[in-house]
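The values are calculated or read from the model by the stated rules, or taken from the named source; none is laboratory data. Bear in mind the structure is a predicted one, so any value in this text is a computation, not a measurement. Glycine also receives a Cβ, built like all others from the backbone with ideal geometry; neighbour counts cover every protein chain displayed. Protein only, heavy atoms only, side chains kept; ligands, DNA and RNA dropped before computing areas. Shrake-Rupley method; radii C 1.70, N 1.55, O 1.52, S 1.80 Å.
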Amino acid sequence: MKKINKFTCGLLCAGALSVSSFANASVVKFSGLTASWINIDPVAISVSGNGTDTASMAWGTPLLTQGPQSDYVFETASTPFQVELPPSPSAAFDLGTWTFNNNPLSPNTDIVNDILRSATLQLDTTIEVDGTSVGTKSFFFDFTHIETPNNDDPCANGDANNVDNNINGCADIVTVAANSLSESFLLELDPRNVSEPGTLALLGLGLAGLGVRLRRKSA
């Protein structure tokens, strides 16, 4: 019987700030950080907790009676927290924890209507620069999900089953990338310290742009 595989990434949305021009140190403060799952394909997938510090979505028909669905859970980092600039980009900082609970699903699950294919994680936060509010800003991260049958050979990634990443059955594949719709804003700096206002942007690091293979374990 298949077992649960949980994958947690503490720095999934680790971020960094960058500014386009040099300045003396400024403090950027984040508060009220919330998460939402949006642009979900297929739309029938259930979502809970949007606009809070813990947003989740679940899919699939459980293999076991009363068993859980597979799901993504994003828990935001505790706020407030602050980052100093320069250096530019800043050191990485933790925006939250993403967990993929890869639970056993029934082979009768409707692949078209019940299995996640893609979604966008929206993070909203209020930002202050040196004590002055610049408002609430939104940042977006795109997830692409490929649910793979355990027993395929070769697996979806083209490799053989039961070896390397597919050692416990064919791995599911998740790709995460920062979305260009993420907001940036002007950082008004003391003109004695910088030649022009700098544009401050949040950059997605951590798993951004990487293929992450998640596997179910078999007993």
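Overview of values
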quantity: Cut-off under 5 Å, modelled amide H: who pairs with residue 182 long-range; calculated: 140
quantity: Distance between modelled label sites at residue 78 and residue 31, nm, 7 Å Cα→Cβ extension; calculated: 1.7 nm
quantity: Amide N proximity, region 44-88 versus residue 110 label position 7 Å along Cα-to-Cβ, cut-off under 13 Å; calculated: 44-46, 60-61
quantity: Heavy atoms of residue 95 accessible to a 1.4 Å probe, total area in Å² rounded to 10; calculated: 10 Å²
quantity: Inter-site label distance for residue 94 and residue 65 at 7 Å from Cα along Cβ, in nm; calculated: 4.1 nm
quantity: Linear extension gain, residue 54 paired with residue 159, 0.36 nm per residue minus alpha-carbon span; calculated: 34.3 nm
